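What follows is a single structure, written as structure tokens, with notes after it.
The values are calculated or read from the model by the stated rules, or taken from the named source; none is laboratory data. Everything numeric in this text was worked out from a predicted model, so none of it was measured. Please note: Cβ atoms are built from the backbone with ideal geometry, for glycine as well, and neighbour counts cover all protein chains shown. Just so you know, the surface numbers come from the protein's heavy atoms only, side chains and all, with ligands and any DNA or RNA stripped out. Shrake-Rupley method; radii C 1.70, N 1.55, O 1.52, S 1.80 Å.
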Amino acid sequence: ISLRNTDIIGRWGGEEFIILAINTDLDNAVKLAENFRATIENYDFNLGKKGTVSIGVSNMKNGLTAEGLIKTADNALYIAKENGRNGVVY
């Protein structure tokens, strides 16, 4: 999976991870997330089944706090899960 030198990835908790894509607009963040999702889906883990990932994307808007950014992405993540998983929602 390709991330840029400016991107930061970390474990957020449980089975949740976070990628901070610095200086990235929403369209490019969604493209990054979809590329990440497709890479996981197409990777051969030698487990006899495909891997999946549900991703929620948010972007920093005027007046949005860091807490709001996380909450918006988390809400999108749960929508992706409710929509059948293995998807990107923003």
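Give me the pairs, please: first residue somewhere in the stretch 35-55 and on the phi > 0 side of the Ramachandran plot and of a type in the set (Phe, Trp, Tyr), second residue anywhere and assigned to a helix (DSSP H, G or I) and surrounded by 14 or more Cβ atoms within 10 Å (Cβ to Cβ), beta-carbon distance under 6 Å, and either six or more positions apart or on two chains.
Every condition considered, no pair remains.
Restricting the search to the stretch 19-54, which residues are under 17 Å from residue 3 (Cβ atoms), open to solvent by less than 100 Å² (accessible area, probe 1.4 Å) and not in a helix (DSSP H, G or I)?
Of everything in the stretch 19-54, those that are under 17 Å from residue 3 (Cβ atoms), open to solvent by less than 100 Å² (accessible area, probe 1.4 Å) and not in a helix (DSSP H, G or I) turn out to be 19, 20, 21, 22, 24, 25, 53.
In the stretch 55-88, what count of residues is obtained for those that are in contact with a Leu (Cβ under 8 Å, 6 or more places away or on another chain), more than 21 Å from residue 11 (Cβ to Cβ) and part of a helix (DSSP H, G or I)?
Final tally of qualifying residues: 0.
Looking at the stretch 61-90, I want the residues that are more than 23 Å from residue 50 (Cα to Cα) and touching a residue at least 12 places away in the same chain (Cβ under 8 Å) and have a partner that is of a type in the set (A, V, I, L, M) and in a loop (DSSP other than H, G, I, E, B) with Cβ atoms under 7 Å, at least 6 apart or on another chain. Which pairs are those?
Once the first residue is more than 23 Å from residue 50 (Cα to Cα) and touching a residue at least 12 places away in the same chain (Cβ under 8 Å) and sits in the stretch 61-90, its partners that are of a type in the set (A, V, I, L, M) and in a loop (DSSP other than H, G, I, E, B) give 73/57; 90/57.
Here is a yes/no grid of residues against (1) touching a residue at least 12 places away in the same chain (Cβ under 8 Å); (2) within 20 Å of residue 80 (Cα to Cα); (3) β-branched (Val, Ile, Thr):
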site: 4; (1), (2), (3): yes, no, no
site: 8; (1), (2), (3): yes, no, yes
site: 13; (1), (2), (3): no, yes, no
site: 21; (1), (2), (3): yes, yes, no
site: 27; (1), (2), (3): no, yes, no
